[in-house]
Amino acid sequence: MIDLLGYGAFFLVNALIFGVLCLGLNLQWGQTGLFNVGVAGFAAIGAYASAILTTPEAAERIGGFGWPILAGWLAAMLIAGAAAALVGLATLRLRADYLAMTTFGIAVTIQVVALNATALTGGPFGIAFIPRPFASLAETPIAFNAANLALTAAVVLGLFLVLETLTRSPWGRVLRAIREDEAAAASLGKSVNFYRLQAFAFGGAIMGLAGAMQAHFIGFIAPDNYLSILTFQVWAMLIVGGSGNNRGALIGAVVVWALWSLSSLAVGTFVAPAFQARAAALQIVAIGMALAVILLVRPRGLVGERATVSRDVEALHDEGAPAHEPVRD
């Protein structure tokens, strides 16, 4: 029973960290309509930034400044957010399909840099000895996982409340209006590109925080942790949970991570070791089938977004913006 509780806490920590990634993507895509396929890249930036700043000094690479974990997390958010802002300045004027290809290419580039910049990132060997929260409890797995679960849940709750407040604010209403009709939002006197840049940078900062949290929970990172499959997982989680809804983002993360973990357990239990590598592809098949079924049964996801766009536009009019007629395609 104790082992089961310890694993349950371990599972939830990982699921909630994925939930943070989903919250960042939901701000970009669910609220603003920015098609970011570079989630893994921003998570990698946050993970490596925090790891370099908080690890002990190492002769084989740059870094090892020994910062506190909390300072590393805050720095990860700032660095990932700044990187997202730079990417946004160069790409957010592109159409959705071109933006997707660009962000995907940037994520691949970040992973390649992590793989080859050995003096900074450790190259293919990664960075080890990353300080872990509550490391003194590591010899007691259930206590260690429970303490990390409490910390992760507190971070997720705080982030959720902040995003819910922003979503209901005039700023959030502008984002949704931009998502639905950029021309209409611009006709109301809103700077579309500036709001899109804010959402993209803030979402990237949240993804950087998630990468840093995962790095410190595991205690080791390597370039293989940030392949395109990570972006696929996060997108599946958001779509299953319900794009445009912060609760849906968290629920989708837990549901899809449970499916992913159970499929891994099934492969390890019922498939002979010689065939497990090939059978691992069943995980993607399982996620794909679940995604298809959920979209057929609940097209908006498990917790879909409420239809609030018309009220958002009316609220923008009430704020005193020029009341021009929306431009329709």
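The values are calculated or read from the model by the stated rules, or taken from the named source; none is laboratory data. This is a predicted model, so every value here is computed, not measured. As a convention, Cβ positions derive from the backbone with ideal geometry for all residues, glycine included, and neighbour counts pool all protein chains shown. Ligands, DNA and RNA are stripped out before the accessible areas are found, and what is left, the full protein with its side chains, is counted by its heavy atoms. Shrake-Rupley method; radii C 1.70, N 1.55, O 1.52, S 1.80 Å.
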Task: Cβ-based charge dipole, the chain, positive-most Cα from H216, G30, G126 - done: G30
Open item on the list: Please list 3J(HN,Hα) in residue order for the stretch 123-135, calculated via the Karplus relation 6.51 cos²θ - 1.76 cosθ + 1.60 where θ = phi - 60°; whole Hz, with x for glycine and proline.
Closed with: x, x, 7, x, 10, 10, 6, 6, x, 10, x, 6, 4
Task: For the stretch 1-77 and the stretch 121-137, distance of Cα centres in Å - done: 12 Å
Task: Karplus 3J(HN,Hα) series, Hz, for the stretch 43-59 with 6.51 cos²θ - 1.76 cosθ + 1.60 (x for Gly, Pro) - done: 5, 5, 4, x, 5, 5, 4, 5, 5, 5, 7, 9, 6, x, 4, 10, 6
- [ ] Please go through the stretch 131-193 and write out the GluC sites (Glu not before Pro) that DSSP classes as loop and that have at most 11 other C-beta atoms within 10 Å.
- [x] E139
Task: Nearest 10 degrees, 0 to 90: helix 69-91 Cα axis against the chain principal axis - done: 50 degrees
Task: J(HN,Hα) series, the stretch 205-222, from Karplus relation 6.51 cos²θ - 1.76 cosθ + 1.60, nearest Hz, glycine and proline x - done: 5, 5, 5, x, 4, 4, x, 5, 4, 5, 4, 6, 6, 7, x, 7, 9, 8
Open item on the list: Positive end of the dipole of the chain, charges at C-beta (+1 Lys, Arg; -1 Asp, Glu), about the Cα centre: which of L115, A82, V255 has its Cα farthest in that direction?
Closed with: V255
- [ ] Measure nothing fancy, just the Cα-based angle from helix 141-168's long axis to the longest principal axis of the chain, in degrees from 0 to 90, nearest 10.
- [x] 10 degrees
- [ ] Whole number in Å², please: accessible area per residue of the chain, 1.4 Å probe, ligands, DNA and RNA not counted.
- [x] 47 Å²
- [ ] Measure off, as a whole percent, the carbon and sulfur share of the 1.4 Å-probe accessible area of the chain, all protein chains present.
- [x] 70 percent
